[in-house]
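Sharing a structure here in structure tokens format.
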Amino acid sequence: MLNLTHCKAHGFEAILLKNSELAITIIPQLGAKVISIVSLKHNREWLAHDKQITLKPAKNNDFSEHDSGGWDECFPGISPQLYEHIPNKTHFSHDHGELWCQTWQITNTHISDEEIRLSLQAEVFDSTFTFIRTFTLKKHSKRLLVDYHVKNNTTHNLPFVWSAHPIFAIKPEMRILINNKHMEFKVDEGLSHFYNVNSVFINWSECSTKVPPLNKVMPYNSGFASKVFSKYLNTGTHKDQSIIVKLVDDKAQQSCGFEFSSTNISHLGLWFNYNGWSANEQLPPFVLGIEPCIGNSDSLHKAMASEEEGLIKSNAHKSWHMSFFVN
């Protein structure tokens, strides 16, 4: 049975999308944060929620007070920096971008016997960009389809970085599977210091046989924190490929993950935080971020320097899509 219901969650107006397999809860007021994805067959919540942080509207655009888990969207950058790509205008892009810290508008709901669809919209930099995210849940499907559509409302070509930012609840020994074992990830400072690794890139196929064992969740209190980005995917063996990244709980025989095309989503980010880093004075969480993205860095400036940013031409649109699945 398909349902699209307006409800209350944590004191906020929320929207519940539900079929026989999945229940997804979204709060438009909190940056359209997805606060819950439950696999109904297993009664399992896949998204993390840090009980140390109360869900509340953004204050001074401080993401550390919002970093409770769930699924946010980051655009037009991830790290805070000036956005200086519109002549005679300068905007400041906050930590984790401009989408999480505003109320999104519901622009379309559709309910039929076969599917439910929900579209939400946000404006960025005084309507420089219009950002639309659409969820589609089909009858009896174990997949949530997510479509993105962004409009550049200016007469200038504008660069961006985008990242889905879902934070997953994890346990030690869970595995991270990627369907292309030759995918390479750039080594960041956290990974380099923790393992004393001098390589610039790490091949995913090495992760089960060599340090670091990134394909398996570490024990609690490991103290490891690292954010890695893949190389540009739509080239070589990855060109026009369906990328599948999966989080697997072997003991429970359950899994979840994303599938997307390298043709329109160019990179994959992974955020490992095994009680290793906290954005505030709270205890560091034990979580994993699986982040399909466009751009190879949190920093738009760095992505542009390596010519791996996204671009929307003047008065043009850009669209991409992916699916989240459970098994």
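The values are calculated or read from the model by the stated rules, or taken from the named source; none is laboratory data. This one's a predicted model, so the numbers in the text were calculated from it and none came from an experiment. We place every Cβ from the backbone using ideal geometry, glycine too, and count neighbours over all the protein chains shown. Heads up: the accessible areas ignore ligands, DNA and RNA and are worked out on the full protein's heavy atoms, side chains in. Shrake-Rupley method; radii C 1.70, N 1.55, O 1.52, S 1.80 Å.
Of all residues in the range 228-249, how many are in a strand (DSSP E or B) and under 19 Å from the mean Cα position of the chain (by Cα)?
From the range 228-249, those in a strand (DSSP E or B) are 228-230, 242-249; that's our starting set.
Narrowing further to those that are under 19 Å from the mean Cα position of the chain (by Cα): 228-230, 242-248.
Within the range 228-249, residues that are in a strand (DSSP E or B) and under 19 Å from the mean Cα position of the chain (by Cα) number 10.
Got at least one residue in the range 82-91 being in a loop (DSSP other than H, G, I, E, B) and either at pLDDT 95 or above or among the acidic types (Asp, Glu) (or both)? Talk me through it step by step, then tell me what you get.
Within the range 82-91, the subset in a loop (DSSP other than H, G, I, E, B) is 87-88.
Adding the requirement that they be either at pLDDT 95 or above or among the acidic types (Asp, Glu) (or both) leaves none.
No: zero hits.
Here is a further query. Within the range 82-99, identify whether any single residue is farther than 26 Å from residue 158 by Cβ, in contact (Cβ under 8 Å) with a residue 24 or more places away in the chain and open to solvent by less than 70 Å² (accessible area, probe 1.4 Å), and answer yes or no.
Of all residues in the range 82-99, those farther than 26 Å from residue 158 by Cβ come to none.
The answer is no; no qualifying residue exists.
Would you point out the residue of the range 1-22, among those that are surrounded by 19 or more Cβ atoms within 10 Å (Cβ to Cβ) and of a type outside the set (Val, Ile, Thr), that is nearest to residue 281 (Cα to Cα)? Spell out the reasoning first.
As a first pass, look at the range 1-22 and keep what is surrounded by 19 or more Cβ atoms within 10 Å (Cβ to Cβ): 14-15, 17, 19, 21-22.
Now narrow it down to the ones that are of a type outside the set (Val, Ile, Thr): 14, 17, 19, 21-22.
Values: 14: 29, 17: 34, 19: 39, 21: 37, 22: 34 Å.
Among those residues, the one meeting the criterion is 14.
Among the residues of the range 1-25, count how many are free of Cβ contacts under 8 Å to residues at least 24 places away in the same chain and either of a type in the set (S, T, N, Q) or in contact with an Asp or Glu (Cβ under 6 Å, 6 or more places away or on another chain) (or both).
So the answer is 2.
Turning to a different aspect of this structure: State all residues of the range 45-74 that are open to solvent by 30 Å² or more (accessible area, probe 1.4 Å) and assigned to a strand (DSSP E or B); if no residue qualifies, say none.
Of everything in the range 45-74, those that are open to solvent by 30 Å² or more (accessible area, probe 1.4 Å) and assigned to a strand (DSSP E or B) turn out to be 45, 49.
Condition check: small (Gly, Ala, Ser), in a loop (DSSP other than H, G, I, E, B) and either at pLDDT 95 or above or on the phi < 0 side of the Ramachandran plot (or both). Does residue 77 satisfy that? First the steps, then the outcome.
Details: small (Gly, Ala, Ser): yes; in a loop (DSSP other than H, G, I, E, B): yes; either at pLDDT 95 or above or on the phi < 0 side of the Ramachandran plot (or both): yes.
Against the criterion (small (Gly, Ala, Ser), in a loop (DSSP other than H, G, I, E, B) and either at pLDDT 95 or above or on the phi < 0 side of the Ramachandran plot (or both)), residue 77 qualifies.
Six or more apart or on different chains, Cβ under 6 Å: which pairs go from a residue in the range 188-201 that's closer than 17 Å to residue 231 by Cα and open to solvent by less than 80 Å² (accessible area, probe 1.4 Å) to one that's modelled with pLDDT of 90 or more and part of a loop (DSSP other than H, G, I, E, B)? Could you list them?
Sorted first by the residue in the range 188-201, then by its partner, the pairs are 199/187.
Suppose the filter is assigned to a strand (DSSP E or B), open to solvent by less than 10 Å² (accessible area, probe 1.4 Å), at negative phi and aliphatic (A, V, I, L, M); does residue 265 pass it? Spell out how you get there, then give the answer.
On the way: assigned to a strand (DSSP E or B): no; open to solvent by less than 10 Å² (accessible area, probe 1.4 Å): yes; at negative phi: yes; aliphatic (A, V, I, L, M): yes.
For residue 265, the condition - assigned to a strand (DSSP E or B), open to solvent by less than 10 Å² (accessible area, probe 1.4 Å), at negative phi and aliphatic (A, V, I, L, M) - is not met.
Give the residues of the range 1-44 that are within 17 Å of the chain's Cα centre (by Cα) and not in a strand (DSSP E or B), sorted by residue number.
Listed by number, the residues that qualify are 28, 30, 31, 32.
Something else: In the list 252, 225, which residue meets the criterion of being of a type in the set (A, V, I, L, M), in a loop (DSSP other than H, G, I, E, B), within 15 Å of residue 172 (Cα to Cα) and open to solvent by 20 Å² or more (accessible area, probe 1.4 Å)?
On the way: 225 fails: in a loop (DSSP other than H, G, I, E, B).
Every option except 252 fails the conditions.
For the range 160-168, state whether one or more residues are open to solvent by less than 60 Å² (accessible area, probe 1.4 Å) and in contact with a Ser or Thr (Cβ under 8 Å, 6 or more places away or on another chain). Quick ask: steps written out before the conclusion?
The first filter runs over the range 160-168 and keeps only residues open to solvent by less than 60 Å² (accessible area, probe 1.4 Å), leaving 160-168.
Imposing the further condition that a residue be in contact with a Ser or Thr (Cβ under 8 Å, 6 or more places away or on another chain) reduces the set to 161.
Yes: the range 160-168 contains one or more residues that are open to solvent by less than 60 Å² (accessible area, probe 1.4 Å) and in contact with a Ser or Thr (Cβ under 8 Å, 6 or more places away or on another chain).
Now a separate question. If residue 230 meets every condition in (1) in contact with a Pro (Cβ under 9 Å, 6 or more places away or on another chain); (2) of a type in the set (S, T, N, Q); (3) closer than 19 Å to residue 200 by Cα apart from one, which number is that one?
So residue 230 meets the others, but not (1).
Looking only at the range 100-122, how many residues end up being farther than 30 Å from residue 140 by Cα and open to solvent by 60 Å² or more (accessible area, probe 1.4 Å)?
Number satisfying all stated conditions: 1.
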